[in-house]
Amino acid sequence: MGLDISLLETFRLVADLGSFSEAARWLGLSQPAVSFQIKSLERELAAPLIDRSGGKVVLTPAGRTAYRHARKLLSCRDEMLADIPRATGDVAGHLLIGAGTIPGEYLLPPVIREFRTEYPRVTVSLDISNSREIVEKLKRENIEIGFVGSPPEDPRLSERAFSEDRLVLITPPHHPLTSEGEATLQAIASEPFVNRRAGSGTRENVESALLARGIDPDELDVVAEMGSTRAVISAVISGMGVSIVSSRAAEHPAESGLIAMRPIDGAGLTREFFAVWSEDRPLSVAAEKFLERCLP
């Protein structure tokens, strides 16, 4: 029997996420396609792996056994793929990395360009999500390295700071808050506020800064939550409210006159970005070389 390892990858993801639809979203497939792959694996193993009767993903006894072995097989596969280039001295292959909005859209593209110039046989795929989703993808081994705006609280993950940025206030042009040199968090809290979606490193930093100043983040007059910094800036340009974003992201629209950008009088608004990777999974040579280029 020739067992298709991609079926094991799909099965492990469904089991980890506890959802066919979520697994389909992570894989970029339709839910029927994921269901078909699980059924194909069940036919190959001649055993039901998932009990679907209760509307939830519950592994059968055979499913729990298959899951345990699937993790071992996939781990051995990853170790083999990482070790072969070390034996040949070759830096090639497909490097999967993930990043939050600011690292992914502003910090990493020039690094990737320089890396590809030095190692043209490496194909780099960059997945941009919020920091929480990037950490989850790293744990599920969908990516080798993540770049996030707040360090993950997981002892299985290693982290190193690789860059920093400051958060600034952005408003529509000629907004009253732009008349002063520095805005205060207290003044910002009284304005209609465009927030980032939960899980964003920017949002976590803003909420920490507010709490440090004795301001409850739940008391913000949040008029919208956006899934990306670009969407936040677009909402501010439209006059929806004010927000706090990365200075790197705000520079160009501010220079173009689309928004006004001001520093904020408050501690905790200089943020670091972190490279994170799993201690349980050996990095490929390409990933090691990429980290060397990123880290100070």
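Quick note: the coordinates plus some simple rules give every number you see, no bench work behind them. Source: prediction; values computed, not measured. Because the Cβ atoms are built from the backbone with ideal geometry, glycine has one as well, and the counts that use them run over all protein chains shown.
Quick notes on this structure:
- For segment 173-296, fraction of C-alpha pairs farther apart than 23 Å, in %: 39 percent
- For segment 220-230, 3J(HN,Hα) computed residue by residue from phi via the Karplus equation (6.51, -1.76, 1.60; θ = phi - 60°) reads 4, 8, 6, 9, 6, 10, 10, x, 8, 5, 4 Hz, glycine and proline entered as x.
- For Cα Rg over 2.2 N^0.38 Å, computed directly from the structure shown, the correct entry in [x] 1.64; [y] 0.99; [z] 1.17 is [z].
- Once C-alpha pairs closer than 8 Å and six or more residues apart are averaged by separation and normalised to the residue number of segment 142-296, the relative contact order reads 46 percent.
- Percentage relative contact order, the chain, counting C-alpha pairs under 8 Å, at least six apart: 22 percent
- Lysine-lysine proximity count for the chain, Cα under 25 Å, sequence distance 8 or more or distinct chains: 10
- Per residue, the chain reaches -13500 deg cm²/dmol at 222 nm when only DSSP H runs of four or more residues are counted, each adding -39500 (n - 2.57).
- Sequentially through segment 11-26, phi angles give Karplus couplings (6.51, -1.76, 1.60; θ = phi - 60°) of 4, 4, 5, 4, 5, 5, 7, x, 7, 5, 5, 5, 4, 4, 5, 5 Hz, Gly and Pro residues having no value and appearing as x.
- For the chain, share of DSSP beta bridges that run antiparallel, in % to the nearest 5: 55 percent
- Ranked packing of 127-133, 222-228, most packed first, by mean Cβ within 10 Å: 127-133, 222-228
- Each residue of segment 244-259 was assigned a 3J(HN,Hα) from its phi angle through the Karplus expression (A = 6.51, B = -1.76, C = 1.60, θ = phi - 60°), giving 10, 9, 5, 4, 5, 6, 8, 4, 5, x, 6, 5, 7, x, 7, 9 Hz with x at Gly and Pro.
- Cut-off 13 Å, label 7 Å out along Cα→Cβ of residue 114, residues of segment 129-166 by amide N: 163
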